[in-house]
Amino acid sequence: MAAQLIESNKQGAEIFYEDEICRQKIVDLLVAHRLPSGLIPLKDVTEFGYNKSTGFFWAKQKNKIEHKFHAIGKSPTYEQELSAFVEEGKMKKITGVKGKELMISFNIVEFSVDEKNHEKLNFVTAIGAKKVFPFSAFELQK
């Protein structure tokens, strides 16, 4: 499914292929849309694309990774290919990101800054379960 979305959004997209540049472009995209700078901590990124007119972005990395967010004690996995539509304070229709609760993995399909409390970040799974975490837990450590 992600591959089809990527192909249909490549026309008019900016595409980058070098790891360091791709990771910086991901951070820039997150910050520009008022999302935490460390929300998508990929490694060995081989491609990043962003279609500004549709809000669609994708990233490809060499291997699936698990990243521990120490402030909340959670370790989501990021597949080799992920994609989403991004807008101010929100990322939706996410593919390639999974969270785990009680040994069960769930596809995370949306991140959004809480409308009432901008210090909180809402996560929504494919089954509609919602979890709230501190926005600061997903900022890059300087």
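The values are calculated or read from the model by the stated rules, or taken from the named source; none is laboratory data. As the structure is a computational prediction, the values presented were derived from the model and not from experiment. Here the Cβ positions follow ideal geometry from the backbone for every residue, glycine too, while neighbour counts run over all protein chains shown. We work out accessible area using only protein heavy atoms, side chains counted, and drop any ligands, DNA or RNA first. Shrake-Rupley method; radii C 1.70, N 1.55, O 1.52, S 1.80 Å.
Apply the Karplus parameterisation 6.51 cos²θ - 1.76 cosθ + 1.60, with θ equal to phi minus 60°, to every residue of region 134-140 and state each ³J(HN,Hα) to the nearest whole Hz, in sequence, with x for glycine and proline.
For region 134-140, the Karplus curve yields x, 3, 4, 5, 10, 7, 5 Hz.
Report the net charge of residues surrounding THR77, where surrounding means a beta-carbon distance below 12 angstrom and charges are Lys +1, Arg +1, Asp -1, Glu -1.
Result for the neighbourhood of THR77: +3.
Could you give the nm distance between label points at SER8 and SER136, where each point is 7 Å from its Cα heading toward the beta carbon?
A separation of 4.1 nm, rounded to one decimal place.
Can you give the FRET efficiency to the nearest 0.05 for LYS100 and HIS70, using r as the Cβ-Cβ distance and R₀ = 25 Å? Don't skip to the answer; put the middle values down first.
Values: r = 16 Å, r/R0 = 0.63.
Computed FRET efficiency for LYS100 and HIS70 comes out at 0.95.
Assuming a ≥ b ≥ c are the square roots of the Cα gyration tensor eigenvalues, decide whether region 60-119 counts as rounded (a/c under 1.5), prolate (otherwise, with a/b larger than b/c) or oblate.
Since a/c reaches 1.5 but b/c is at least a/b, the shape of region 60-119 is classed as oblate.
Over the chain, consider all pairs of different Cα atoms and compute the Kirkwood hydrodynamic radius from their mean reciprocal separation; express it in Å, one decimal. The partial results should precede the final answer.
Details: mean 1/r = 0.0660 Å⁻¹.
Every distinct Cα pair counted, the radius reaches 15.1 Å.
What angle, in degrees between 0 and 90 and rounded to the nearest 10, separates the Cα long axis of helix 19-32 from the longest principal axis of the Cα atoms of the chain?
Tilt of helix 19-32: around 60 degrees.
Heavy atoms only, 1.4 Å probe, whole protein assembly: order LYS131, LYS100 by accessible area, highest first.
LYS100, LYS131
Using a simple charge model, +1 on the beta-carbon of Lys and Arg, -1 on the beta-carbon of Asp and Glu, nothing else, what dipole does region 20-142 show about its Cα centre, in debye to the nearest 20?
180
For THR77, what accessible surface area do you get with a 1.4 Å probe? Give it in Å², rounded to 10.
30
Kirkwood hydrodynamic radius (Cα pairs, Å) of region 18-81?
12.3
Run the numbers on the chain and let me know its relative contact order in percent, using alpha-carbon pairs under 8 Å that are six or more apart. Walk me through the numbers before you get to the answer.
Details: 298 pairs, mean separation 25.4, N = 142.
Averaging sequence separation for qualifying contacts and normalising by length gives 18 percent for the chain.
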